[in-house]
Structure formats: structure tokens, C-alpha cells
1. Within segment A:131-159, count every residue that is facing another protein chain (nearest Cβ under 9 Å) and either modelled with pLDDT of 70 or more or not in a helix (DSSP H, G or I) (or both).
2. May I ask you to list the residues in segment A:50-79 that are over 23 Å from A:T31 (Cβ atoms) and among the hydrophobic types (A, V, I, L, M, F, W, C)?
3. Go through A:K265, A:K368, A:K353 for me and flag whichever is part of a helix (DSSP H, G or I), farther than 26 Å from A:R419 by Cβ and out of contact with any strand residue (DSSP E or B) (no Cβ under 7 Å at 6 or more places or on another chain).
4. Sort through A:E258, A:E210 and tell me the only one that's loosely packed, with under 14 Cβ neighbours inside 10 Å, acidic (D, E) and part of a loop (DSSP other than H, G, I, E, B).
5. Among (1) among the basic types (K, R); (2) in contact with a helix residue (DSSP H, G or I) (Cβ under 6 Å, 6 or more places away or on another chain); (3) modelled with pLDDT under 80, where does A:K752 come up short?
6. Among (1) assigned by TED's automatic domain parsing to the domain that holds A:L115; (2) surrounded by fewer than 20 Cβ atoms within 10 Å (Cβ to Cβ), there is one condition A:H247 misses while meeting the rest; what is its number?
7. Here is a list: A:I326, A:I355. Which entry is surrounded by 17 or more Cβ atoms within 10 Å (Cβ to Cβ) and in the same structural domain as A:K417 (by TED's automatic domain parsing)?
8. Show me the helices (runs of 4 or more DSSP H) found entirely inside segment A:10-88 where at least 3 residues are more than 10 Å from chain B (Cβ to nearest Cβ) and surrounded by fewer than 16 Cβ atoms within 10 Å (Cβ to Cβ).
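The values are calculated or read from the model by the stated rules, or taken from the named source; none is laboratory data. On a predicted model such as this, the values are computed, not experimentally measured, just so you know. Methodologically, a virtual Cβ is constructed for each residue, glycine included, from the backbone with ideal geometry; neighbour enumeration extends over all protein chains shown.
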Amino acid sequence: MANQRQGLNVPDIDFETTWGVLEKAFLEIHTKNASALSFEELYRNAYKIVLKKKGEELYNKVAEFEARWLSSEVRMKIVATITPPLQLLTEGSGGRALSSTAERRTAGENFLRTLKESWEDHGVCMGMLTDVLMYMVSTQAQQHAANDGTDLEKDRVYCTDHRQPSIFAKAMGLFRDQILGSLDRPNGTQLAESLTKVILDQIQMDRDGEKIDQHLIKANVYMLEGLYHSDQEVEEEKLYLQLFEPHFLSTSAAFYREEGERLLKESDAGTYCKEAKRRIDEESDRCRSTISESTTPKIQKVVEDELIRHKMKGLIEMDSGVQYMIDNDKFHELGLVFELESRVDARKPELTKAIVSIVQDMGAAINKAAETTSVAPPAPAGQDDAGEDKPKAGSTRQINQQTAAALKWVEDVLALKERFDVFWKTSFNSDQTISTALTRSISEVINAFNRSSEYISLFIDENMKKGIRDKSEAEIDATLEQAIVTLRYLQDKDIFETYYKKHLCKRLLLKKSQSIDVEKQMISRMKIELGNSFTLKLEAMFKDMTLSEELTGGYRSHIARLGQADTKRVDLSINVLTSMTWPLEAFRGAGEDERESRNNLLFPGSIERIKTGFERFYAERYSGRKLTWQTNMGDADMKATFPRSRNGKPMTHDINCSTYGMLILLLFNDLPTTQSLTLEEIQAKTNIPLNDLKRNLQSLAVAPKTRFLVKEPMSREINPGDRFRYNEDFSSKIIKIKVGVVSAGNKVEGEKERKETEKKNNDSRGFAIEAAVVRIMKQRKELSHAQLLTETLTVLSGQFRPDVNMIKKRIESLIEREYLERLEEAAVPSYRYLA
Amino acid sequence: MEVEMSASSDSLPAGYEYKTERFPKNADPLREGIKKYDRVHPCCMIQANSVRLWRSNDLSDLTVRCGGREWSVHRFVLCTQSKYFERAVEGGFKESTEKLIELQEDDPKIVGLMLSWFYNRYYPADSAQSDTTPDDYLSEAQVHARVFALGEKHLLYGLMDKAVDGFRVEINEWWITIGVAKGIVEVYNMTSEASNNLRELAVKMVCTHRRDVMNLDSE
């Protein structure tokens, strides 16, 4: 039966007839009657046409057929669903308002459903057509491969042509042109445009809380994603990307812009945050369920832009914004704000800015409060430092007030920091950026206050003297830690060092410190925090104290060995202080002129004897060292008997007074009880500087509890010509009497002292700067001005932040002294180191 | 498009050897396979299975009819290897419901070879002559040419390759015979021009032996 076979040798088949068979079958397929057709027969017919080299014609016929079918049958069906509500919608701007939501929804769904079904039918039918035309498709691919020079024998992949699309792609293109590209009625809108508008309308309903058919929209979006602008099927030219997405994004942007503004007006910040979060989640859900996931990042950006990025400032500045949240400890809401801004920017600029400004405002308030309390006249209430004696001078009270202000300032600053630490942990998820900003702003608060160094030192001082008295170890630890925390933020560490030294010096010498252990702990903490060089001098002070104890002991045993077992002998305990280490000027109440006279004090014999005795002893131990007696800092224990002290009976008191006080009182030992001395006589006999003398006389003759002398005339002030004599009638129940010297106590500095400290500080800074500059230049030999400045700032940043002008002046001075010279030929101002 | 599930021996890992002929005609090749080789490559198993199915009608779910002959075949075997059969069975046409494919205008002998190839990756070209009268006697070269044509019609590239191989052997060994000559005529009559390896082979042969071929013609 060989002649049954078909091949090239069989008579020509008639193209028109064969196509007729196929066309009829295709019509059946489109009307869903395919199951009556024989695949084999259709395939065979198409095969034969191609074998007769009529593939091209077949292709065109099929395309024509499809175009006809789509433009008539399918299009009519779809256009019929565009009812008046939809026409209004697609026509223009006011369309939405003109018909009710329900009407539009039903009409829209009807339209979408028809379109979806048409699309799906088209897909199915074209699948079947392609199956039937499989041989044509394969030869087409082979031809293209041959044309392109690719070896089809090796990889028989389906080749997409650059000139002629596959029949399936062609058919998809036809759907795009004949259906989506067509107008819904003469002079109407393109169906694609209507489709976009209907979908957007439905989405808007969804946003307004109406129920919509998400699957229907998804199916239509799926169609748009499957179609391309041209037959080349370039990924970027998807109809979805060209026709739908831009509109979707722009309407969404408009919607959220409006909604964001409305929310800002109508609700509070917390609600806004929740709403924004809800909207963002909702939009990404919508992409998943209704549109396309590829749009998720884009719509998220739109919503984030409109609801967060552009509104963040407004949100933060709302009445119920960040300021309100912080004032009212709204941890959760703050967390929401944080979360929102983290979405759009990892650096969270707006929130950080707001937090910084709030911290600075609060810090400024603290600084201002401290300033006003420190200068204000003694406040009537709230300022009662316990144990304050009424006769004390006004200045003393003011000083105490300063201390209180200092304590309050440090505590307030710490409280501020702790408060924001809590916010940081609970609301801001321990965020690094915010942490940095917080540190910076708290540091700014601390450094903006010009007394911060002094106040921090005072805070420690106060705690060392009183605060830690009844505290457990853990509490002391916490206090120390607090001090260190504030110190960490402080820029002018050199100034702090000056104050701390001064305060420490007084604590040590006057034995005011509660515990030397705690002092040492503090020093070691500072060492960890600020480095070795910072604590070097402080440690030296402690060393001096220990050495002095040994010295005193050594001297005592030295005396004992000498065998001068004189019971009346005055006992000496001494502190030898290294002169550069100790800020002894802290004790010098007055100016330079008095230093000379201090060294020429006239001591009574017994005192003079041990003074020279010790000097000898010391010179033996350490040769080549010069001892300078700081008589203004010493104190003396004396026994004094007053005849009528205890109810008219004699009584011996232990009196502790300053060295000056002792000298004055000793004068009266040798005097008959009735005889008196004038101020001038006393000064001549002792050579005590006048100011010190006056103050000591005040405590010995004016203060009621320690009135060992009688002053004539009786008045508060000590004037030239005043006379003093032994007070026989002194009476006191207390055995041990401590004579307080009216002095500028160990408190905040006065204006004058501050100026001095500042001046001294500037001088030492000057030296530090010069040293740094020389060191840098020595290493670099040549350096531009700007670089030198930067390096100097870096080197010194650990100690203080130098003033740029000061550095310039120092450089000038170094040039004058020929350490450096200017480079004339350099393009930028530069210097050279002169060895 | 074509699912290549061949287990030709050159693609097997070392240590595996498989030849269809090794199995006794009536034995179950799968069982034998397991018995004979303690390690059987999965591809061998599938191939063995496929051979077994070819010999029986077990599990058949599709009928191919051609020129009065019928084959009970398996959709799994055909559809996985041929887009044509897959679409015919799955495509929603009459064949889908009837589970019957009627190849109306093809040569049943060649169709039989094609189906054999589906199962065995091999077709016995000589078997086409077994029950023939001298009238429609086909030389092996002719058979190969026709198989090639049928393969091309149904887009079975593997089968086409096989046919080319067979044709090459014929034309190289028996170029002098009348059978080959008939085969060449068949090639020019029945196959299309596009990337046709058979025509290339024929041209090459004629070039190599042109003098002898001339002589043949004159005889």
C-alpha cells in the first residue's frame, strides 16, 4: 500500500481547499467544539501546506482569521459591557462622583469578567491552534535558525525570530491590537485605558473598605503582564508596565498625599503611625492578592514617600508629635515613629534631628536653671542646706547655693541622659544612629555650660565629703559611675583636671574625705576612662600623702632616738607636698604680695625649734630639696584652760585651730590676763598677712562659740586700732572645740578666682598647644596650615578642644621664636620645622 | 521539545553495561536485569521497563491505528518523547476523548518501526521486509529514508538521527547495490529540503564513487 503515502511526489494539494478545512476547524475551536475534530487530520493538513512551501501563506491566513475573529466577535462582547457608569468613569475627571459606588462596582466587575474570559478563551484557542500548526512553527524556527546561522541540529530550541513572531505571539499581539487597542465607541477611549481606570476605581473602593473581587483584577493584571507593547516581547515593554503601573503609582501617590495630610490634621501622631503602617502592609498585600508582586517595592516606595518621607517632619512637629510623646513617656508611640522612619531611611534624619533638638532644649533648660540658682539671691525655700549657721557671711551662703546648683545640675544632666537611654532602649530598639546622636547632643548640653568642669568636680567633691557617708558599696559604685558618665561627655578635660586637683587637694589636706579607698577607686576609674597621663598628677598627690605619713613617723622616732623626751615639746605632723603637683593656690585667698610675708612668720621659740628641727631632719634625708612652709594651711591642737568655763569652774579645752590662730593665741599665753594687744601689735609680733590675721581674729574674738579673746570695741569687723585681750569669762560645755576660720570655703569659685583659673588654664593650654605643634612639625618637617590645624586638634582632643585662634597665635609665636618658618614658595600656607 | 530518555550505552557510567540482546526472548527483562546485574543503573531499569511494555499490552492506555493495523501503546512512553503525541492526546481534540490516534495516510510498516523506536530507542530495519511480496520489497536504505520522513513529520528528532545513522551504514557499505539507489530516490522524493542530512550523505557518496556510479547507471 505504498502509494498511500504522502510525499513530495504526490500531486499538488490545493491550498485554498486545505485552508478551508483548517479555517472551518478553527472556527469550531473558537466556538468550543474542538472535541469533535481530529487532531491528526488538522495536523496533517497543516503539514502538507508547509511541505508545499506555503507556510508563509498559512501563517498570514491564520493571523487574518484571528484578527477578524477578535475585532468582530470578541470585541463586541466586551464593548457591550461598558455601561453608562463605566463610560462616565472613563470619560474624565469627575466620573467617579457621578455614579454610585455599587453601580460602578457591578459594572466594573462585569467588564473585568468579560475581558478576563475573552482573554482566557483566546489563550486556550491559540494553544490548540499552535498545536495543530506545530509543524509550521517548527519549520519556521528551523528557518530562522538557518538564517541566523545557529546550528539547529545541535540545539533544537525554539527560536524567537526578530522579523516574524511565532504564531502564538502574533495572536497575543492581535489581542492587544484588536481588543485593548480598540476604542470602546467612536471617539471613545481605548479599552486598555478603560481597563486601567476600572481597575484603579476598584482598588480605590478596596482602599475605602469596600469588598471587591480581587481574583478578577488579578486575572486582568495577569493578562497585561502577558502582553507586550511590540511583538518583540521585550521585558520592559510589558503592557502592565506601560499602561497600568504608572497610573496606579501616580493615583496612589495622590491618594496617599491627601490621606497623609488629612491624617496629620485630624488625628494624633500615634494614630498616624499605626495608620501609615497599616496602609503600607495593606498595599503590599494588595500587590500579592490583587495586582502584581513586581509592583510591591514600587508602591511601597510611593506610600513611604507620601506617608512617611514627606510627612515625617510634619508628623514629628505635630502637637501630639515627638515632643509630646517624650514629655508623656509614650514609649510605644515613639517606637512607632521610629519604626516608620527606619523604613524609609536607615539614618532616620528627621527623628534624630527632633530628638537632638529636644535633648538640647531640655539640656539648655537645665543649664539655665543652674545658672539662675547660682547667681540668684538666696532663695527663701528649697535652698536650705542643713546646718547652715546664720552668722555666716552672705558670700558663704551664696557659695553653698552654688554647690547645691552644681549638684542639681549634675543630677539633672544624668537624669536627662538616663531618661533618653530608656527611650533609646525601649522605643528606638537600641539604634546605633540615635545612640550617636544622643551622645552628641548630651555632650553638647554638657559642654554648652561653661561651668560644667567645675560642677562635675564639685559633684564628686560633695559626694566624697558627705554623699557617700551612709551608702552601700554598690551605691557608691553607682555614684562614681555617674560622675564618670558625665566626665565622658566633657570636652575640656584639662579644666576639669584643674578643678579636681584643687578639690582633691583640699579634701586630702583638710582630711575631709570620707574614704581614701573610694578616692582611689575614683582615680582608677578616671585612669580607665581618660588615660594614664590624666591621673598621673592626681596619683602623685596620694603618693605625697603616704610619704608624708612615713616622714612624720620617721621624724617622731628620730626625736625619740635623740632622747629629747620633752613632754612639753610640740608634736609635729607634716605633709610634704611636691610643689608642682599640688594646686596650693587653692588656699591662697589673696594675691601674690602676701606670699613673701608668709614666709617671714615669727614663730614663738618652741615652734621655731621644731621647725628647724624638722628642716634639719629633712635635709639629712633628702639633700638638695628646699622646704617651703605653707603655714596658712596648717592647723594646731592646743590645750587651753579657762577659769570659769564650766559653771564658773576652770576647765581645760582641746582647741583645734589654724596655725595662725595658734600663733595669735600663744601671744596671750605670756601676757597678763588684763593686758590687751592692738591689731597692729599682733601683726608686728607674728607677721601674719593682714587679711589672714583679720579672718583669724574674727573667728577667735567674734564667733560666739569660740570667743577666746575679747575685742574692743565689740563689732563684727576687725579694724585697725582694735584691741584684744584674753577672755577670762569664756565658757563652753564642749571639751573639744574646733575653730572654724571664716574663709572662702571649698566651694564654687568666685568671679575673681574663676578668672584666675581661666587665665591659668589658658596658659597651660597654650603650652600644650605649642608642645603638640612642635611635636607634629618635628615629625613631619613640612606641613600645610590646614593639616597642621587638624592634626593639632586631633592630638589634643583627649584633653580639650582648643580654640583655633589660640592655635594660630601659638604658631605665630613659635615662628617668632624660630621653631618654625613659613614656606614662601608653597601654594597653600605651609610651615617648615627648624631644627 | 523532545524528552531524551535514551539509555544508550555510551552515556552510561563505567561499570554498567546494557544490551537488549542479552535478554532471553521470553524472560522478563526487568527481573533478568536485576538477577544478572546486582547494580542496575536507574536508566537501565527504565529502559528495561520500556522494553517489557513494548512486548506486552499491559497497562496500555492508547491505541494507534494505521492502515488496518493497531498497536496498544502507552501514553507515558509516547507523550513524554513526542510533542505531537502529547498534544494529540492532551489537546482537547477528538483523540483526547477516544484515546485513539489514527494515522490515516502513513505506511503501517514504518509506523510500526517508529513505535518500536519509542520503546527501544531502536528499530529493526530489516523487519519491514519480512512479510512482503517482491512487489513492495523495501531495501534497508529505503526503510531508513521513510523512517526519516515519518520522524520529520512528527518532529521526532531522535528518530531522525537514528535513521540517518542507519542510512549512513547502508550507503557506505552497500553503495553499489540497487537497494541503496532506491533509497536515494526515496530520499529525494519524500523528505523536505530543510537541513536534510540524508541528501548530504547521498551527495557525498555519489562524489566519492562517481565513476562507479556512472558505470552502474550505464548498466
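1. Qualifying residue count for the region: 13.
2. Of the residues in segment A:50-79, the ones over 23 Å from A:T31 (Cβ atoms) are A:50-57.
Answer for segment A:50-79, where residues must be over 23 Å from A:T31 (Cβ atoms) and among the hydrophobic types (A, V, I, L, M, F, W, C): A:V50, A:L51.
3. Details: A:K368 fails: farther than 26 Å from A:R419 by Cβ; A:K353 fails: farther than 26 Å from A:R419 by Cβ.
Going through A:K265, A:K368, A:K353 in turn, the sole match is A:K265.
4. Working: A:E258 fails: part of a loop (DSSP other than H, G, I, E, B).
Checking each option against the conditions leaves just A:E210.
5. (2)
6. Unmet condition: (1).
7. Values: A:I326 fails: in the same structural domain as A:K417 (by TED's automatic domain parsing).
Result: A:I355 is the single residue among A:I326, A:I355 that is surrounded by 17 or more Cβ atoms within 10 Å (Cβ to Cβ) and in the same structural domain as A:K417 (by TED's automatic domain parsing).
8. Numbers: elements: A:15-30, A:39-51, A:55-69, A:75-79.
Where helices (runs of 4 or more DSSP H) fall fully within segment A:10-88 and carry at least 3 residues being more than 10 Å from chain B (Cβ to nearest Cβ) and surrounded by fewer than 16 Cβ atoms within 10 Å (Cβ to Cβ), they are A:15-30, A:55-69.
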